[in-house]
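Laboratory data are not the source of any read-out in this text; all were calculated from the coordinates shown. None of these values were measured; they are calculated from a predicted model. Backbone-built Cβ (ideal geometry, glycine too); neighbour counts: all protein chains shown.
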Amino acid sequence: MLLYVIRHGVPTYSPDALTPLGHRQAEAVGRRLAAHGLDRIYSSPLVRAQQTAQPAAELLGLPVQIEDWTSESYTWHDFTMDFPDGRKRWVYNKPNTCFLTEENRNRTTDWDKCDVFEGHDFKTPYKRIQECSDDFLARQGYERVGNIYKAVRPNDDRVALFCHEGFSMVWFPFLLSIPPHIFWAGFSFTHTGVTIFQFQNTDDGWTAPTVLAMNDISHLHAEHLPTKYCNRFYY
C-alpha cells in the first residue's frame, strides 16, 4: 500500500477556506495524484483540507471520506502551549535546538518529560492519535503489533489523506517510531507538500512504513506556482 499524506493549500483561517493560490495548488496536486491513480481519498473535516482534496476526487470520480480524528482543531487544542510573549503556539514551534540538548536528545520512551514542555501533558493526547491511527490503518488492511504491522489484507492500494501540518507533525513520528521531539527538531511541511509512506507486502506478512517522499512539492514547480517556506520557530 502507498499512503499519500497531503497538507492543504494556502488558506485563510477565518473563514476556513483556501485562498485563490490555495485553489491553484489544490488543482496542481490533484492533477499529480490523478495521473497515477488513487483507490481511496480521505480528508480532515476542515474546509481547507476538503477543498484541497476536491480536484483529485473530481478527476478520479472518487468520494472524499471524512476522517474526523485528523482535524487540526483537536491537535491545536492538545499540542499547544503559551509562549513567553503571551501567545499560544504549537509546542513544536519551540526553537529546534532546545529539543536537541544532551538531556532531551537522549529521551525516548520518556520524551514527554523534556524540560521544554514545562509540565504539560502531551503523552495522553499522543495516545489518542496512536489509537485512531491504528484504527485507520487496520481499515486499510494493516494491523499494528508493537512497532510493526501485520498485513491482514495485503494490497497495492493507493490511499490519499488530505490534512494539516499540525496533525502530521504529531502523527508522523508515531508512524516512524521516532520520539516526537526529535521529529519536531528536524521536519516541517509546506502547503500541498506530499509525503508518501509505503507499507510493503512481504513474504512473512510483517511490514513497517517507509518514507518514499517527504513534503514533495514538485507539482508546484511543474506548474510554475510560487512556493514559500515559513519559519515555524519562535524565540
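Some points to look at:
- Greater than 24 Å apart at Cα, pairs in Lys94/Lys228; Lys94/Lys150; Lys88/Lys123: Lys94/Lys150
- DSSP-defined beta bridges in the chain - what % are antiparallel, rounded to 5: 60 percent
- Listed residues Gly86, Gly205, Gly30, most fluctuating in the chain (Gaussian network, C-alpha, under 10 Å): Gly86
- Net charge, Ser44 excluded, C-beta distance under 11 Å - Lys, Arg +1, Asp, Glu -1: -2
- GNM result for the chain, Cα springs below 10 Å: residue of Asp85, Asp110, Asp216 fluctuating most strongly: Asp85
- Within the chain, the longest run free of exposed loop sites, counting GluC sites (Glu not before Pro) that sit outside DSSP helix and strand states (H, G, I, E, B) and have at most 15 other Cβ atoms within 10 Å, spans 1-117.
- Rg and Dmax over the alpha-carbon atoms of the chain stand at 17.7, 54 Å.
- Projecting the Cα atoms of Leu60, Leu2, Phe172 onto the charge dipole of the chain, computed from C-beta unit charges around the Cα centre, puts Leu60 farthest toward the positive end.
- Vicinal HN-Hα couplings computed from phi for segment 163-176 (Karplus, 6.51 cos²θ - 1.76 cosθ + 1.60; Hz; Gly/Pro x): 8, 9, 5, x, 5, 4, 5, 8, 6, 4, x, 5, 4, 9
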